[in-house]
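Input: a single structure, listed below in structure tokens.
A short reminder: the numbers here are calculations on the coordinates, not readings from a lab. All values reported here derive from a predicted model rather than from experimental measurement. When we count neighbours, we look across all protein chains shown, and the Cβ atoms used for this are built from the backbone with ideal geometry, even at glycine.
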Amino acid sequence: MMSQPSYDQTRAAWERIWNAADVETELAAVQYSRAQETINRYRPFLPKDRPILEAGSGLSAVVIALGRLGYDMIGLDYAENALHISRAYDPSLR
């Protein structure tokens, strides 16, 4: 039987991933046609008059991209460093 990674191990793995990444690269990836297709499928269901929580926001690429389109976005991630990196890139992020 395979052992399951613990919460702390999973968090540490994501923190390593986000430490090795950067916001600009993540933002570029959101512009790929496949990512745009996915975002565009969800947009009709997203309210413009209420905040939207992006759970597992990582370096906030989707938060930033949708925010630029006028959505009120809030990013949430359990890899705390991802939130710090995102805020360093754009202090107005929440």
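Residues in region 73-93 that are loosely packed, with under 14 Cβ neighbours inside 10 Å and either within 18 Å of Glu24 (Cα to Cα) or of a type in the set (Ser, Thr, Tyr) (or both): Tyr78, His84, Ala88, Asp90, Pro91, Ser92.
Of the helices (runs of 4 or more DSSP H) that lie entirely inside region 1-72, those containing 2 or more residues that are touching a strand residue (DSSP E or B) at 6+ places or on another chain (Cβ under 6 Å), surrounded by 14 or more Cβ atoms within 10 Å (Cβ to Cβ) and of a type in the set (A, V, I, L, M) span 61-68.
Each row is one residue, and each column tells you yes or no for (1) closer than 25 Å to Ser6 by Cα; (2) touching a Phe, Trp or Tyr at 6+ places or on another chain (Cβ under 9 Å).
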| residue | (1), (2) |
| --- | --- |
| Ser57 | yes, no |
| Ala61 | no, no |
| Gly70 | no, no |
| Ala79 | yes, yes |
| Pro91 | no, no |
| Arg94 | no, no |
